[in-house]
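First comes the structure, then the notes that go with it.
The values are calculated or read from the model by the stated rules, or taken from the named source; none is laboratory data. The shown structure was predicted, so the numbers you read here are calculated from the model rather than taken from an experiment. Here Cβ is always computed from backbone atoms with ideal geometry, including for glycine, and neighbour counts include all displayed protein chains.
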Amino acid sequence: MRTRRTLGRSFLSLTGWTLEGEAPREKRVVMIAAPHTSNWDFPFAMAAAAALELPMAWMGKHTLFQRPWGALLRALGGIPIDRTKHHNIVQAMVAYAEGRLGEAAVPLPAVTRIIAIGSDRMMHAVQQARHGVLAPHLTPSHVAIGSINSPMQCMMKEVCAQCLQRHVDPATGRESFVFTCFNQDQELDRVDFANLRARLRQNSVQEKLADLWLAHVLAQAPAPLAHV
Ligand code: FES
């Protein structure tokens, strides 16, 4: 624990940051790392959590855990996921809950917030598993959020509507729509993943057609333009 704290404090110090305040004494806290303008908020959030001796567990692609960073990332609570293998994230979470991956840094029954970030299939699997195989390991009052990867175009919040995401209220069945570029983090139980999947596939077709059209136009262009 002391090594982790030293690593966190050293990182913040070397990058010019000063830690202010103490770790909250409450048993449960919400930690917000903001603003999310680049991937740098991740190492800074990790370093702050380590420096404050807040227990934290997170998962990352296994290639991140190779030398020279592997030991450091594990010390910061990282759990490598090999994405080249067809491991199932839900099975991994069950294995984690049952202690088959070693001592759990954060026991699942103590988890009050879940944030699923990844492919639509992965988030859908987590959405379902929370009411199935993961239910015995989770407190029923936990909150689950998905970082929804709807297709986006303008990113200007309610202009092009490319990012519209269908929601269905799990209690009433009422349908609603949100602009994902306005609010990417959505309540997992409300997200219609079949709709999201269909829209992603539709967008993929448009991207492929645009690529083909561009290749066709460039092939007809005068030589200098073809090399732009
Ligand atoms: S991406 Fe255009 S409104 Fe959201």
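Worth pointing out:
- Evaluation of Met31 against (1) under 23 Å from Ile89 (Cα atoms); (2) part of a loop (DSSP other than H, G, I, E, B) (one fails), failing number: (1)
- Comparison of Phe65, Phe42 shows that the only residue that is surrounded by 18 or more Cβ atoms within 10 Å (Cβ to Cβ) and either basic (Lys, Arg) or farther than 15 Å from Thr3 by Cα (or both) is Phe65.
- When Ala125, Ala221, Ala129, Ala194 are checked against the criterion of being modelled with pLDDT of 90 or more, over 30 Å from Gly99 (Cα atoms) and away from the ligand (no atom under 16 Å from the Cβ), Ala194 stands alone in meeting it.
- From the list Arg100, Arg130, Arg113, the one residue that fits, being in contact with a His (Cβ under 9 Å, 6 or more places away or on another chain), exposed (fewer than 13 other Cβ atoms within 10 Å of the Cβ) and basic (Lys, Arg), is Arg113.
- Within segment 146-168, if we keep just the residues that are within 17 Å of Ala116 (Cα to Cα) and touching a Ser or Thr at 6+ places or on another chain (Cβ under 8 Å), the residue that is farthest from the ligand (Cβ to nearest atom) turns out to be His167.
- Thr3 being at pLDDT below 85, in a helix (DSSP H, G or I) and out of contact with any strand residue (DSSP E or B) (no Cβ under 6 Å at 6 or more places or on another chain): yes
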